[in-house]
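First up is the structure itself, then whatever we jot down about it.
The values are calculated or read from the model by the stated rules, or taken from the named source; none is laboratory data. What you see is a predicted model; the values in this text were computed from it and never measured. Glycine gets a Cβ as well: all are built from the backbone with ideal geometry, and neighbour counts include every protein chain shown. We work out accessible area using only protein heavy atoms, side chains counted, and drop any ligands, DNA or RNA first. Shrake-Rupley method; radii C 1.70, N 1.55, O 1.52, S 1.80 Å.
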Amino acid sequence: MTVIANTIARPHPGKGMMVQSRARQLAEIYARHGASVRVASVISGPNTGCVVVSRAYADFRTAARAFQAVQNDPAHIEFWRDVEANPGADTVIARDIARTVYGELRWNTHPFSHIRVYEISRDKLADALQLFPEVANLVSKADANVVGLVPVTGENLSTMAVSYQFRSVEHWAEGLDTVGMSDEFQAIVTKAAKFGALRASFAMTSL
């Protein structure tokens with residue numbers, strides 16, 4: 001299991017580069033306290049144009065210890081003073097936490113993510129998870145990676161996200177053409193519909 005915290009910000013007009021720079025600065029602070037970090041831009045779907053700062057930890061205890069250390073870090077305190085003095089973005093999500101239920105993150109080798117969010121009740125989650133090995137086997141033929149995640153905090157806890165990870169936007173497009181449109185994959189999508197409804201889909205790439 002991996003614990004992931006996400007912060008999402010929507011840059012003000014003309015402030016995109018500043019927000020990206022600040023996101024990298026914030027990610028560096030988290031990395032110094034043990035997080036695996038990722039700074040990404042949403043390029044399609046809900047929150048297009050937003051900047052996402054993600055940090056991953058081995059478990060909840062590690063995440064909690066890192067959170068406390070970051071809050072006490074003078075660099076973090078100064079960072080937020082600068083942000084408050086000169087805002088460049090609106091916060092969409094301050095800090096939502098999720099955990100993986102299948103697979104392992106591969107941000108370093110597969111920095112492009114296509115995420116599909118299903119609304120699914122917890123009593124159907126175990127059945128839905130049985131589909132992941134079949135999905136993983138299919139997408140692996142295109143050198144893609146798949147990760148399942150469920151929320152720990154957030155507005156709607158009756159969801160599950162499926163993150164398909166690719167090497168690049170071109171690799172993503174190739175995967176859609178060869179795997180996503182295949183009869184085999186569409187059959188899995190039909191099976192998944194028995195357990196929950198697909199509510200959202202978005203794509204983002206590491207900066």
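The residues of the stretch 20-61 that are open to solvent by 60 Å² or more (accessible area, probe 1.4 Å) and among the β-branched types (Val, Ile, Thr), listed by number, are 43, 48. Could you check, for the stretch 111-133, whether at least one of its residues is assigned to a helix (DSSP H, G or I) and among the small types (Gly, Ala, Ser)? Yes; the residues of the stretch 111-133 include at least one that is assigned to a helix (DSSP H, G or I) and among the small types (Gly, Ala, Ser).
Of the candidates 77, 93, the single residue that is out of contact with any strand residue (DSSP E or B) (no Cβ under 8 Å at 6 or more places or on another chain) and not hydroxyl-bearing (Ser, Thr, Tyr) is 77. Scanning the stretch 97-125 for residues that are polar (S, T, N, Q) and open to solvent by less than 40 Å² (accessible area, probe 1.4 Å) turns up 100, 113. Condition test on residue 152, is it open to solvent by 20 Å² or more (accessible area, probe 1.4 Å), within 19 Å of residue 103 (Cα to Cα) and either in contact with a Cys (Cβ under 6 Å, 6 or more places away or on another chain) or free of Cβ contacts under 8 Å to residues at least 40 places away in the same chain (or both)? No: the conditions fail for residue 152. I'd like to check something: does the stretch 183-205 contain any residue that is among the aromatic types (Phe, Trp, Tyr), modelled with pLDDT of 95 or more and closer than 21 Å to residue 97 by Cβ? The answer is yes; a qualifying residue exists. Of 201, 158, 182, all but one fail to be touching a Ser or Thr at 6+ places or on another chain (Cβ under 8 Å) and either in contact (Cβ under 8 Å) with a residue 24 or more places away in the chain or more than 23 Å from residue 4 (Cα to Cα) (or both); the exception is 158. Counting the residues of the stretch 158-181 that are assigned to a loop (DSSP other than H, G, I, E, B) and either at pLDDT 95 or above or surrounded by 15 or more Cβ atoms within 10 Å (Cβ to Cβ) (or both) gives 3. Being charged (D, E, K, R) and modelled with pLDDT of 95 or more is a property that does not hold for residue 122.
Residues considered: 142, 94. Of these, the only one that is open to solvent by 30 Å² or more (accessible area, probe 1.4 Å) and small (Gly, Ala, Ser) is 94.
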